[in-house]
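Notes for the one structure printed next.
The values are calculated or read from the model by the stated rules, or taken from the named source; none is laboratory data. Small disclaimer: the values here were computed from a predicted structure and weren't measured. Positions of Cβ are backbone-derived with ideal geometry, glycine not excepted, and every protein chain shown enters the neighbour counts. Side chains included, ligands, DNA and RNA excluded: accessible areas come from the protein's heavy atoms. Shrake-Rupley method; radii C 1.70, N 1.55, O 1.52, S 1.80 Å.
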Amino acid sequence: MKNYDAAVIGGGISGLIAAIDLARAKKSVILLEKSSRVGGRAITVNKNGALFNLGGHALYLGGEAYPILQQLGVSLQGGKPSASGLAIWQNGIVPLPGDALKLLSSRLLTLPGKMEFGRFMVKLGKMDTAAMGNISLREWAEQEIHDPMVRHLFYALCRTSTYSKDIDYQRVGPAVRQVQLALKSGVLYLDGGWQTIVDQLRGQAVKAGVTVLNNRKVSQIRHDNGSVCGLLLDDQEVLNVSRVISTLSPNETSRLF
């Protein structure tokens, strides 16, 4: 039986950062990843020289991850995408109203719609997302935005910022908060994809003394009288640990207990 101060289940970005923090605090740490590569949804796949991120491709400069990665010394090389864009509407391509001039000349909106869109965009950055209540994105938008095309444009912003289009189940507060981050601070598209973050974090974890194991799936988190006492792996190996950080979903983590 192998002994560690802590085990981290899941080798995505959050798991790697947690393992690094623990190891730098002089703890013995093991990180367990069930697949053959660490990185999770941040893995970048190379297909004939074209790089594809499995998950989101935009690093939000105003988000939580950016300052953490900077503190860890991760090099973040890339560029900001243009704020201008095009919309496909009724089988045609039209410019998005990304600035005052394009808003005035936009064929997407009527004059009342242009006025409402302008007022809405001014208010959007100042909204208190914590006070929006526990309602869906659609329910909130239908109450607050009168012009249907303005709602379409707002939903498009939300899809681009949150990587989700399920407006009936998205909570309005977190969705609008993500839109605010995108509009205020912008995003960074990384040269080489998110794999560049993963590779640097893995290197830092190993340097800090983390034991990183791939192709190792956890079958059970063992506990006694409310305290964690070990992990059972799928090959029946037992790890003696008293603390576990799980980066799995709540459902998967519950199943392990």
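Values as computed for the structure displayed
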| read-out | value |
| --- | --- |
| Residue, surrounded by the most Cβ atoms within 10 Å (Cβ to Cβ), within segment 220-257, restricted to residues that are assigned to a strand (DSSP E or B) and of a type in the set (S, T, N, Q) | 246 |
| Evaluation of residue 167 against (1) modelled with pLDDT of 95 or more; (2) assigned to a helix (DSSP H, G or I) (one fails), failing number | (2) |
| Subset of segment 204-219 [more than 26 Å from the chain's Cα centre (by Cα) and crowded, with 16+ Cβ neighbours inside 10 Å] | none |
| Where a residue in segment 25-49 is on the phi > 0 side of the Ramachandran plot and its partner, wherever it lies, is assigned to a strand (DSSP E or B) and open to solvent by less than 60 Å² (accessible area, probe 1.4 Å), with Cβ under 6 Å and at least six apart | 40/12 |
| Residue among 137, 124 that alone is closer than 27 Å to residue 169 by Cα and touching a Cys at 6+ places or on another chain (Cβ under 9 Å) | 137 |
| Considering residues of segment 1-44 that are among the charged types (D, E, K, R) and within 22 Å of the chain's Cα centre (by Cα) only, the residue surrounded by the most Cβ atoms within 10 Å (Cβ to Cβ) | 33 |
| Pairs, first within 28 Å of residue 10 (Cα to Cα) and touching a residue at least 40 places away in the same chain (Cβ under 8 Å) in segment 177-199, second among the hydroxyl-bearing types (Ser, Thr, Tyr) and open to solvent by 20 Å² or more (accessible area, probe 1.4 Å), C-beta under 7 Å, six or more apart | 177/129; 178/162; 181/60; 182/60; 187/60; 190/196 |
